[in-house]
Every structure is written in C-alpha cells, then in structure tokens.
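To start, the structure under review is shown below, and the notes come after it.
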Amino acid sequence: MVMTSEMRRTRRFGRTRGPVALLTAALLALAGLTAAAPAAAADPWIAVQEDGYLRIAVPNAAVESAVGPVSQVVVEGNFGPSHNWAQIGLQRSGANWTATYGPFEPGLYYYQVTGDDSKVLKDTSNPTSVGSEPEWSTFFIPGESAALLADAPEAAGSIETLTYDSTVAGEQREALVWVPPTHADRGKKLPVLYLQHGGGQGHRDWVDVGRAEQILDNLWLSGQIQDMLVVMGNGNVPDFTAELLENIVPAVESTYNVSPSKNHRALAGLSMGGGQSFAVLRDHPGEFESVGIFGSGSMFGQIGELDATTVARINDRTDLVRIYVGNKTDSAYNRVFDSLQKFDAAGLEYQFDGVNPDAGHNWNAWQENLIDFAPRLFTDAPSDPAMSEGHTALTERFEPPAPGTTPTPWLSEDGFVTFETTTDFADAEYVSVWANWAPGGSWLRVEMNKVGDRWRATVGPLEEKFYHYRLIVDRQSVKDTSNPTKVTSEPAWSTFLVPGEGSRLLADVPEGQGGDLEVMTYQSTVAGQERSAYVWTPPGYDPERAEPYPVFVLNHGGGQSWTDWVEVGRARQILDNLSIDGAIEPMVVVMPNGNVSNYPRELLENVIPVTEERYNISSDPLDRALAGLSAGGARTVSVLKAHPGEFAWIGTFAAGFGGTAGVDAAAINAGTELYRLYTGDITDFTYGSVMNSLPVLDQLGIEYEFNGVTVGPHGWDVWQQNLIDFAPRLFQDGAE
C-alpha cells in the first residue's frame, strides 16, 4: 500500500537497476544527452553533478517561509538501500542548508524537504510535480542502466487525457492514455493495457513518477512492444471492478479505435492496484487476456477460497498471469509468498518473475515490472516464464526474530539487517537509524516503524563492509544499547560487519593467526599526563629478533583519539589479514593519541622513545613510517616539514600539504622514500585542499604519489581503503 504524505512514517518506497532489454547504442547515447534534469529556477535546491553527485542547498528563508523556524532539515526520497525512502541530513551553512552526496545510480528520484521530522515543504526551485504527493519533486540521473527511463531520442507516443463519467464515484473523472504513433492509422484497432496505480496514488502517478511515458516510448522505438493503447485510470473507488468494466473500458472503446475483443485487453497494477487486478481476474476470468500483479500484498486478501471451477476458468481463459515482488524490504514480500503457496495448492497457472534483489516496495521496482510485462503482451509467441536476470526464487517468508529476543542489529545471510530499539522509546514520536550506507559511505537516515512498544527497521541488501550507526530519537542521538559494540570517541555509535568477500580484509581472522594488540601507556611531557596508545605487533613477533622491526605510526583525526583506528577503522583486522596474505612486511604499528598542542614533539620526544624502549623496533628513519587521516594527516605533514627525513614513509589520508613557508623541498626528497596522498571524492570536504596541494607540491619540486580519488566522503570507509592500499607499500626495496 502506498500512503499519503500525512501518513509518512508508515510508507515509503524507492530503486532500479538493470532493465530487462537493452536499446541500441544510438538510443543510449541520445538518452544521455536528452535526459538531463528538468529546467528549474536559477538557483536549484538540488543540482545534479556529473556522475550522479548531488549538490544540495536549501535556502533557510524558503524553509521558514513555508513551515516556520526549524532546528533540522533533511531531503528525503528514494535514496536508501534498495531505493527505499531515506533522509539526507543537511547542515546549516550561512543562509542555506547544504550537503553534497553521491554518486547515485542512474534513474528517477523523487523527494521532499522536511524540517524537524514532520514539517514538509515542496522544492519550489524544481518545476516537476507529483499529483498525489504535492510536496514531491523529481529529478533524473541519466545512464546506461536507466536508458529506458530517459526521454525518448525521437518522437514517439503521446499522453492524452480521457474524461469519463464514473457511475461508481458519482463524478466526472480522468484517465491518462499513452497513444502510440501508429494510432494515426485509424484502420488499425489497437489492443489495450489498463495500468493501475497503488493506494494513496492517482491516475497521474504512472506518468509523474513511474516514467510510463518514457518506458513505453523507448520500448516502442526499439520494437520491443506491440502497438497498443495504455490507459491509466483512477482506481480510488469502493468497487474497482465495476469502475473498470462499466466506466473506464466503455469510455476507452467509445473514444479510441481499439479492439473490443477481450483477447486484446491486458490489466496490470501495483500494490493496491495489483490486488484490484487480481480481484477482476478472479471474478471475471477471460475479461483480460493477460494480468500483471506488481508487488501486491493486498492480493492475498483477495484470494479467498479458489474453488476448482474458478481456477479452471482462469487457466482456460487467461493467457498470462505474471506476478512480481521486490526484495525483503518490500512490504508485500511475505504476502506474495503466501499467495503463491495458495496458487500452487489450487493449481492456478501463473508465472513468477522472482524476487527483485535491488528494489523494495517502490517505483523503481514497479518501473522494472512494467519494462518486463509490456513486451509480453499481444504477441503470437508464448510468454517466456523465466525470471528476469538476477532475480531469485521466493522460497520462504522473511521472519526477523521476535521483538526483544535477540541483540541488534540482526543480519540475514543475504545482507539484510534489522534494527530494533529497546522499550525505552515507547513514547517517542519519531525514531530513525543513521548509518554510513549511502553511496560511498556517507551517512543516511532510515525511518523506523513502531512495533508494539519498540521501533524497528529492516534495511538492505547492504554492501559487504563495516558499518557504524546511531539512533536518532526525536532529533537526539542515542546509542543502540542492545548492541554491545562501542566507539569511545563517539558514545552514541555502534558498529557491525556485513561479512563476505568484499569485507574480507575487515573481518576477524581465526583465533591465534593474527598479531597481538596491546595498550602502551606512557608519560607525555607535552600534555603533562599519562597517555595511552594501541600497539599492534605482527604474527610471530619476536622481541629478541636480531633484526629490529620497522615501525609505522598511524594517526587518528580531529575529534577522535587513539582508540578510533581499532574501534572504527578496523586497523587490527586489516593488518592481521594483510599479514596472513603476505602482503605487508612484518612491522610494529603504533596508534597514539595525537590530541596535543605540539604533535612533532609528542611524537619524537615521547611516543617513539617509549616504543623503542618497550618493543624491538629499528631507530633507522628508513624503517619508520608515518600516516594519518584528516587532522592526523595534517600532523603527519607538520612532522614532514619540521623534521624531514625522520620518517622515510609518509601517507596522508584526506589532508592537504598546507603552507609552504620554510619548507625544505630538497631535504624532504632526500629523506623520503614515499610520500603518498589520498582523498575522498567531492563529498569529502577536504577534497579541494588535497587537490589544490598537488600543483603546490609540483611547484616546490617535492616528489609524491597520487593515484586519484577514493570514492566516498570524509569517513571511515575511505580511510580503511587508504590503509589497505598504503600499508603494503611500506618498507619495500623499490617503492611504487
């Protein structure tokens, strides 16, 4: 069911990948040129950048004018995993609320702006609209995977409005009709597909959000569908079957040159519309040659007892019944499973397109359903019963553990994660979970739903990687106390790992195979206090080895401390796995506390001497490496500038070179074996600083390496990748 914006906490949908059919190369090329975001005001609130990045700047004045003063603003839309509804949090910057996000996959995105969880407003800079959701706007990101959703590269069909009298609703109503170019040939009677919307929607939604016009245009131009009329009627009536058969169909047949034969009619609908379509199939078998049911949980409630006579009539009089469903986040998932069991028991003949792995209960799924269903209609060839590419069988219900019975988050084997709060927030008005699951690892909020006296949300399928998250309860950050993990510098954070080959280097190694992790305490003459550092020693570390081990000092960022590289950065797991793989030299890695007024002194007068005293490490600068992220990268550069040659191996993650006063380029080059810079993409606020440093280093004549950006923001996903790339380069005879 798709609900209205006033009921926003219980509905959201959203995503697409991989259309069934491919257009020609020319169509794809032209689509990329013609499918730019629609023209808007001079200063659009959301500007689509190259490669799917979004620059967001929402004027605070516009927000206050629409909904009054607010303390928080988000842009929420089909941005989440499986293209489900999620929120991009904005930060106040001057007169605007801003963010940079991406890269997002090609496709259509729909969104609204919301302040303080419930104050919704329309993006007035965007002229697009959605009839059933007045606050929504849309934008399109072109690309090959969304070629069928792009504006057609040449003239094709057209959308017309059909007005008819509804005896069921007692009013005059409208339907939208897609008319193919060949309709000008009045001697040809066309077959008709009746295409229905979902609950809380209207007859315009298949065009406003479903991209039906673009899909049908492109399918027709590429010869993938037959000439047909597609009618999108208003299904918001108490008796849809009567509305369809007594009002919509007669109006179409009296207005257009269409075939009156029932063999030239097809019917399909999404969600509620799918349930309505099944009801027509059950009660009037043979009225429509083909029936498509897109993600309809309401279908189950329409089944009743399918007696043998009804089933026989459906099987005999209907050429095609094809059923679709999204993945485990689709609210229809379990009820579709239950429906299929009943169909099998009753002997009903149908095709199942399989579980769509990439989409939930949202327009991205339903767009794919139309792309698959429409080419099957009104052809002499039998419909191929195979599932769409990448789709899987539906073999069981999705049943997360009963509330309160297990720690959270709960992970399924295929990457879906279910979060659940304790009962402490039973009286909360709004709860969400905020995690690094946006593209590249940016933070994105997903709404949780009230289940009894707890809140729950299922998200996925998630990429195989390490996640950190926090709960947001009535706009306050809260720790998930059901998750025993912790992040010392971020008390509200919890963590979890989605295992798999993609996250192998971040996973724990078998017991006894990794290195040792110890806490080294020392007296800081700079900070005037006892301090701590983590020290990782490699597997098989020998304190009596004749050849001392090289040492690698790894620094945290601003607002962090010595625990972060272990608790969030997964440094221990990365080093353990790289060691087992034989990818790094055996080394001692020190992760100190860099929060001091003079970091070079702290490092050279305290950290290094104490480490040399307690561990078997070399004092030769050629056996020393230094790296850090963000502010830790700046500290690393400060040591490089002030003490060139003290560390022969230098890495900076999301940190520029800074000022040039007093820099001895010759000394840096002479004493440095490797100076390698890293940065995230344009979503990283230090991106500009790093990129601007490259010509400065060139002008100074400082030798360095830079191998392009790491896709992702100023965050741990990027820094983990940087460490994975940097550590194997250390202490090699020929640095590359």
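Below are the figures for this structure:
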quantity	calculated
Whichever residue in the stretch 372-397 is part of a loop (DSSP other than H, G, I, E, B) and hydroxyl-bearing (Ser, Thr, Tyr) and, among such residues, is surrounded by the fewest Cβ atoms within 10 Å (Cβ to Cβ)	THR395
Subset of the stretch 608-636 that is hydrophobic (A, V, I, L, M, F, W, C) and buried (at least 22 other Cβ atoms within 10 Å of the Cβ) - its residue that is nearest to the chain's Cα centre (by Cα)	LEU629
The stretch 327-347 residues that are under 16 Å from LEU270 (Cβ atoms), paired with ones that are among the charged types (D, E, K, R) (beta carbon under 9 Å, 6 or more apart)	ASN327/ASP358; ASN327/ASP414; SER331/ARG11; TYR333/ARG397; VAL336/ASP330
Which listed residue, of ASN315, ASN334, ASN369, ASN364, is outside any loop (DSSP other than H, G, I, E, B), among the polar types (S, T, N, Q), over 14 Å from GLY295 (Cα atoms) and assigned by TED's automatic domain parsing to the domain that holds VAL230	ASN315
Answer residue from the stretch 281-319, given it is of a type in the set (A, V, I, L, M) and within 34 Å of the chain's Cα centre (by Cα) and is farthest from GLY269 (Cα to Cα) among those	MET299
Checklist (1) out of contact with any Pro (no Cβ under 8 Å at 6 or more places or on another chain); (2) crowded, with 22+ Cβ neighbours inside 10 Å; (3) within 30 Å of ASP380 (Cβ to Cβ) applied to ILE225, failing item	(1)
Only listed residue being assigned by TED's automatic domain parsing to the domain that holds GLY170, buried (at least 23 other Cβ atoms within 10 Å of the Cβ), modelled with pLDDT of 95 or more and in contact with a helix residue (DSSP H, G or I) (Cβ under 9 Å, 6 or more places away or on another chain), chosen from VAL237, VAL231	VAL231
Qualifying residue in the stretch 484-491 (condition: outside the structural domain of ASN595 (by TED's automatic domain parsing), touching a residue at least 24 places away in the same chain (Cβ under 8 Å), touching a Leu at 6+ places or on another chain (Cβ under 6 Å) and surrounded by 15 or more Cβ atoms within 10 Å (Cβ to Cβ))	no
Subset of the stretch 102-142 that is at positive phi and assigned to a loop (DSSP other than H, G, I, E, B) - its residue that is surrounded by the most Cβ atoms within 10 Å (Cβ to Cβ)	GLY102
Extreme residue, surrounded by the most Cβ atoms within 10 Å (Cβ to Cβ), among residues of the stretch 48-101 that are of a type in the set (Ser, Thr, Tyr) and in a strand (DSSP E or B)	TYR101
Conditions (1) touching a helix residue (DSSP H, G or I) at 6+ places or on another chain (Cβ under 9 Å); (2) outside any helix (DSSP H, G or I); (3) more than 22 Å from HIS264 (Cα to Cα): number failed by ALA147	(2)
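Matching residues to (1) at pLDDT 95 or above; (2) surrounded by fewer than 21 Cβ atoms within 10 Å (Cβ to Cβ); (3) touching a Leu at 6+ places or on another chain (Cβ under 7 Å):
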{"position": "ALA642", "(1), (2), (3)": "yes, yes, no"}
{"position": "TRP649", "(1), (2), (3)": "yes, no, yes"}
{"position": "ILE668", "(1), (2), (3)": "yes, no, yes"}
{"position": "GLY688", "(1), (2), (3)": "yes, yes, no"}
{"position": "PRO695", "(1), (2), (3)": "yes, yes, no"}
{"position": "GLN699", "(1), (2), (3)": "yes, yes, no"}
{"position": "PRO713", "(1), (2), (3)": "yes, no, no"}
{"position": "ASP733", "(1), (2), (3)": "no, yes, no"}
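Residues checked against (1) among the acidic types (Asp, Glu); (2) closer than 24 Å to ASN577 by Cα; (3) assigned to a strand (DSSP E or B):
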{"residue": "ASN669", "(1), (2), (3)": "no, no, no"}
{"residue": "LEU677", "(1), (2), (3)": "no, yes, yes"}
{"residue": "SER689", "(1), (2), (3)": "no, no, no"}
{"residue": "PRO713", "(1), (2), (3)": "no, no, no"}
{"residue": "GLN720", "(1), (2), (3)": "no, yes, no"}
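The values are calculated or read from the model by the stated rules, or taken from the named source; none is laboratory data. As the structure is a computational prediction, the values presented were derived from the model and not from experiment. FYI the Cβ positions are ideal-geometry reconstructions off the backbone, even for glycines, and counts take in every protein chain you see.
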